[in-house]
1. Quick one: accessible area per residue over chain D, 1.4 Å probe, rounded to a whole number of Å²?
2. Helix B:161-179 sits at what angle to the longest principal axis of chain B, using alpha carbons and giving 0 to 90 degrees rounded to 10?
3. To one decimal in nm, how far is A:Ala12 from the same spot in the other copies, if labels go 7 Å from Cα toward Cβ? Please give the shortest first.
4. Please list, in order along the stretch B:272-287, the HN-Hα scalar couplings obtained from phi with the Karplus expression 6.51 cos²θ - 1.76 cosθ + 1.60 (θ = phi - 60°), rounded to whole Hz, x for Gly and Pro.
5. Which value results when the Cα radius of gyration for the protein assembly as shown is divided by 2.2 N^0.38 Å?
6. Set the Förster distance to 41 Å, then compute FRET efficiency between D:Ser149 and B:Gln220 from the Cβ-Cβ distance, nearest 0.05.
7. Which residue, C:Phe186, C:Met1, C:Cys19, has the largest displacement toward the positive end of the dipole of chain C when charges sit on each Cβ (Lys, Arg +1; Asp, Glu -1)?
8. Using a 10 Å cut-off on Cβ to Cβ distances, tally the other chain neighbours for every residue of B:28-40 and report the average as a whole number.
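The values are calculated or read from the model by the stated rules, or taken from the named source; none is laboratory data. Because the structure is predicted, anything quoted here is derived from the model rather than measured. Neighbour counts run over all protein chains shown; Cβ positions are idealised from the backbone, glycine included. We work out accessible area using only protein heavy atoms, side chains counted, and drop any ligands, DNA or RNA first. Shrake-Rupley method; radii C 1.70, N 1.55, O 1.52, S 1.80 Å.
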There are 4 protein chains.
Amino acid sequence: MNHTQQRDRLRAVLAGSKCVSPARVYDALSARVAEAVGYEIGLLAGSGVAATTLAAPDLAVHTITEYADQIRRIMRVAKLSLFVDGDNGYGNALNVMRTVEEFEHAGVSGLSIEDTVAPLAFGQAEDEQRLVSIEESAGKMCAAVAARSDPSLVIAARTPALKIEGIEGTLARVKKYAAAGVDAIFVIGPDKVEQLQAIHAATKLPLIVGAFHGTLTREQMAACGVRILHQGHLAIAATVRALRETYSHLFNGGAPADLNSKIASPQQMEQLINAETYRQWLREYMR
Amino acid sequence: MNHTQQRDRLRAVLAGSKCVSPARVYDALSARVAEAVGYEIGLLAGSGVAATTLAAPDLAVHTITEYADQIRRIMRVAKLSLFVDGDNGYGNALNVMRTVEEFEHAGVSGLSIEDTVAPLAFGQAEDEQRLVSIEESAGKMCAAVAARSDPSLVIAARTPALKIEGIEGTLARVKKYAAAGVDAIFVIGPDKVEQLQAIHAATKLPLIVGAFHGTLTREQMAACGVRILHQGHLAIAATVRALRETYSHLFNGGAPADLNSKIASPQQMEQLINAETYRQWLREYMR
Amino acid sequence: MNHTQQRDRLRAVLAGSKCVSPARVYDALSARVAEAVGYEIGLLAGSGVAATTLAAPDLAVHTITEYADQIRRIMRVAKLSLFVDGDNGYGNALNVMRTVEEFEHAGVSGLSIEDTVAPLAFGQAEDEQRLVSIEESAGKMCAAVAARSDPSLVIAARTPALKIEGIEGTLARVKKYAAAGVDAIFVIGPDKVEQLQAIHAATKLPLIVGAFHGTLTREQMAACGVRILHQGHLAIAATVRALRETYSHLFNGGAPADLNSKIASPQQMEQLINAETYRQWLREYMR
Amino acid sequence: MNHTQQRDRLRAVLAGSKCVSPARVYDALSARVAEAVGYEIGLLAGSGVAATTLAAPDLAVHTITEYADQIRRIMRVAKLSLFVDGDNGYGNALNVMRTVEEFEHAGVSGLSIEDTVAPLAFGQAEDEQRLVSIEESAGKMCAAVAARSDPSLVIAARTPALKIEGIEGTLARVKKYAAAGVDAIFVIGPDKVEQLQAIHAATKLPLIVGAFHGTLTREQMAACGVRILHQGHLAIAATVRALRETYSHLFNGGAPADLNSKIASPQQMEQLINAETYRQWLREYMR
């Protein structure tokens, strides 16, 4: 399955009638585990890249190019479609274009560009979100769409405007971004079904939802046009817990064999690292 | 703690009287977890880099430079000393020199160069190990030592000769490599205390042991001159198991909240990603 | 023009009836100059990458991945088709596959895999070339072909066998490599038209020729099936001379203005760095 | 000569009494040419990196990490001290810290952080420069100083304030940046000796000057405290002209041999790529 086919599969989900959740992945191996479990869509977030490659918080200290390098490592081997959080495009509209260009080349299936100020402005609190103007944001969305080479690549406009400008401001932004040609609207922080219904009424585009604080079923979500619902960062935290337990056991003198029931089997590991494929190549080309 | 200090701490372990085991780490975050548990020394192996960054088996398809990039990501943030498996130096003596140069620049505390044929030769079986001649290997060890800029960097000569050439061949190699100026001898696959004793008698250098199939205590190991004992690849397999369970739960419709007892706490995550340090920087330089 | 189209243009040259020479390029800017002059095909050699990025001789100390990074920098902006010297694939057949994979991803239009021993073996003289066996070489050519994703990517088998095994050995190799499915035969060091005629008679594949020491016209070359003739490394040496003169002038106190007649005009520089395109983006997306 | 010694040499120039100009370099090979000519200090600018690696104008579309990669390629082999234009640190104070960290690790001897808005703000004209507030700028300078590991690394505060805020605003900024702990003041665009004298009187720090539009001698410059005077981007433009002439000649059917008088000699090329050093390694470690 090549990158265009992976993009088309993501498009099919967005064009469908169900609401699904992607697997949070963060490196090549985690993506392989997710697809072994059955996932067809993975999600890579800036916070995950920052945590695992820089051991840094989500404060935009990573660069487009090192982010793209991590995407490439994943997509070199992953069969799942990968949706990536492209933050605000790391600067102005030209930087948005470079983000789209590099992420597309790295093999991403879809990405979102957000209408927020980032990195933090002088004096801005860490937990405060600020929006850039609707005109500037629309320009960035247009730039993102124009920078795409493969028409199958999904570009989503992401906004946390609900909490900052309320539903009116959000609707104005959604309409403007839809007019810019994006493929989906990514709404952060809704907490009422009426919000989703209003956004769904305002645009024909499929919705992606993150940080949802409500109690809708997936069917109710789907009825509001939501095709992708993001869940939290559990994968990395689960990894960390497993690492802590493993390291603690060994550091305190525990025997490696005691951990046998807590680790993946050799067969699982072999499958994840494509051992049989490599063996076949050895047989075909090296004897 | 800078790279030279990290190297000196590794040297102190090698010059000491105990036998310790390093934590197997594979990315920046796993290294941070290991040091949070108390580890002072980490180990990064080519097999781990291949598995997590390429989803590939340990067949030398990764390059020196992408290996160095992973080391750099780890050492940018890690306080632990990192020992790295440098395989056979990825080519001839000039490639050994480039390996030492790039790994040192990336911040490694110590690395080993092995006297094996790699990548697999035409017709060589996947599980067959072949040694290069003692003269060629000694030249590579001399080259490794000469390529070092920081005299604190530890260079170990690694050999699996015990299984291939027996104790006599191994002792000849160990003496030759010691004469080349390496700082430690890394023996793979011993299964008898007499082997370790003979090697210990043949050189004053500290020993590192991997793939040990015996039943010595750490004190007995230490009495044979062994300062570092490698344990298996448990960390990555533990990670994979945790990922499988997390992904399976969510893929099958399980609630994220059900996983709360299986993940690291927000406080632990914050500590690992240096959140408080970044917050202090925000306070000092951005308001 | 996308990468597949660039590959198809290279294929059209190979399928044509003329013998052309590519421009030797080494970075993004030199490729832009070459295409501004009219070149449709560029050539990037390992020796050029080693010289300009590592200031090292052509001894295989660079890695596949840093080579691919340089290719990517060029192909991000170049419209010309790029043929790349892939040396011997940097290891065994698995490394050949990785070379093809990474170079293809970086955007290369075609590459050659050579049947030589590299890096230098222990005891091998710097100017001595050694061939690997015909069986092993054929396996590498099969692996290269299998590793290709885009069927338009050109894969050439390169051999300097004429000087080592003479015409008989060369013909045997050419036939074997053609049977492996390569798209072209790249012959190094012919000095007689009869050699080219014999190779042309032995295979229907188009020929690429390097290090030719004879006096054939392009028409005569073309009649022997030669479609691409490599000329020497003049571009880098011309660059160095220009740099030496510029630096010497200024270092010795010369006025910058004295150099005006020896540098590209601001208009030429603007065209090379796509200044007008960026300006148009600023107008469209940022006001 | 290691990186700290290279930094100390740059510091010696700043602490001296002369006004010198560095060589504009842009890749490993150009740096080797500059030092062969006699230069002890090189200058790498964002515009040069953008032009040669991205074929893009100086609009901040390159990232910190790819800039650092280019610095590393240069400093892996260069003996000269390298001063780098760090633009505005590519974001906020945290990004400034990352810039200093990555550039220092890559081996830079000194770098400047500018107090301008970059990348271009929405609606900002391409040739318009905007300053960030003095408070925010001072925070970034403090952050840059704090992010340094090697105390020998030179950090300069760069400002084009003369044209925007006049001499009064400039002096206020210079004093504030000096108080932040930077090692030098980098003034862009002065055109009168009185401006330099006023700045020199306001701070004890050495001055660096760029885009000077006046007619001072070097001795007069030095008397105003100027230790480094930047000249234009001639090296790249000279390279481009040489490439155009070489490519045009060959493209139009000219013989390679006709260019012999316009290229560096094989002996010069060998010296630049350290051929003799590699040969010595081959002799010592591979036979």
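1. Per-residue accessible area for chain D comes out at 35 Å².
2. Long axis of B:161-179 versus the principal axis of chain B: about 90 degrees.
3. Taking the point 7 Å beyond Cα along Cα→Cβ, the inter-copy spacings are 3.5, 5.9, 6.8 nm.
4. So the J values, rounded to whole Hz, are 5, 9, 6, 4, 5, 4, 4, 4, 5, 4, 4, 5, 6, 10, 10, 8.
5. Working: Rg = 29.8 Å, N = 1148, 2.2 N^0.38 = 32.0 Å.
This ratio for the protein assembly as shown stands at 0.93.
6. Details: r = 42 Å, r/R0 = 1.02.
After rounding, the FRET efficiency stands at 0.45.
7. C:Met1
8. Working: counts 7, 12, 7, 2, 5, 10, 7, 1, 5, 10, 4, 3, 0.
What the average comes to for B:28-40 is 6.
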